[in-house]
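The values are calculated or read from the model by the stated rules, or taken from the named source; none is laboratory data. As the structure is a computational prediction, the values presented were derived from the model and not from experiment. Virtual Cβ from ideal backbone geometry, glycine too; neighbours counted across all protein chains shown.
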Amino acid sequence: MAKAVFFDWFNTLAEYSPPREEVQARACWTVGIEVEKEKLSPGILLADHYYIEENLRHPVRNRSLEEQMALYIEMQRIVMRQVGVNPSDKLALTIVQEVGKLFADRSFALFDDVPATLEMLKRQGATLGVISNIDIDLEPVCQGLGIAPFLDAIVTSRQVGSTKPDAPIFLAALDQTGFEASDAVYVGDHYPTDVLGSEKVGMRGVLLDRCSLFAGITDCPRLTTLTDLTDFV
């Protein structure tokens, strides 16, 4: 069994509250498009992956406002194409703006499989932690969601000035917990940043593929639910 198990935050342990599927469906309704929110998850996840890869190629914060908006429009087109709608740039921009209005007071919620998984791993003696590129203080968030007692380390890009897939953010978590990389597993939903990034420092990467979008990735364990993690660590 791994001595330490680290997790990505967004799309791995937590999602936005209200869920983005609900917000997306409501935004579409305002422009006359009716979609079932249950069918929106794959497109939203694919859009997330597109954003991450574009950010790695050219950091979004370094782009002009026009370039950033073009990125968000393309993300919206990715979401909508997955439900059979191919919106114009103008319509996609309108939906982007509606989503922004509806998400003004967003917070986080845990996925249903998280508490039981963390409790089981802790009971088995594993050290647990979070390694995230998020630019906020996650400590009070984890406290509010009730999972802080399970976590021995919470490391964010805001704290260490490094982002995945670069090595320093992973190494900072290992330093905090006192483990060698070979003793640790890292679980995340994005193959290039989470799996390959953690493997570069010697951890074992595990891909969490909640919507079964990446069956072609076979060089690492691939889970569709966090509950199955206990079979791999």
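I need the full set of residues from segment 15-60 which are among the basic types (Lys, Arg) and out of contact with any helix residue (DSSP H, G or I) (no Cβ under 7 Å at 6 or more places or on another chain), in order please. It would help to see each step written out before you state the result.
Taking segment 15-60 first, the residues among the basic types (Lys, Arg) are 20, 26, 37, 39, 57.
Matches in segment 15-60: Lys39, Arg57.
Which one of these does Arg20 not meet: (1) at pLDDT 95 or above; (2) closer than 29 Å to Leu145 by Cα; (3) among the basic types (Lys, Arg)?
Just one mismatch for Arg20, condition (1).
Please find, within segment 165-195, the residue that is surrounded by the fewest Cβ atoms within 10 Å (Cβ to Cβ) out of those that are of a type in the set (D, E, K, R) and within 19 Å of Pro221 (Cα to Cα).
Top of the filtered list is Asp183.
Among (1) more than 25 Å from Pro165 (Cα to Cα); (2) among the charged types (D, E, K, R); (3) touching a residue at least 12 places away in the same chain (Cβ under 8 Å), there is one condition Lys90 misses while meeting the rest; what is its number?
With respect to (1) more than 25 Å from Pro165 (Cα to Cα); (2) among the charged types (D, E, K, R); (3) touching a residue at least 12 places away in the same chain (Cβ under 8 Å), Lys90 is out only on (3).
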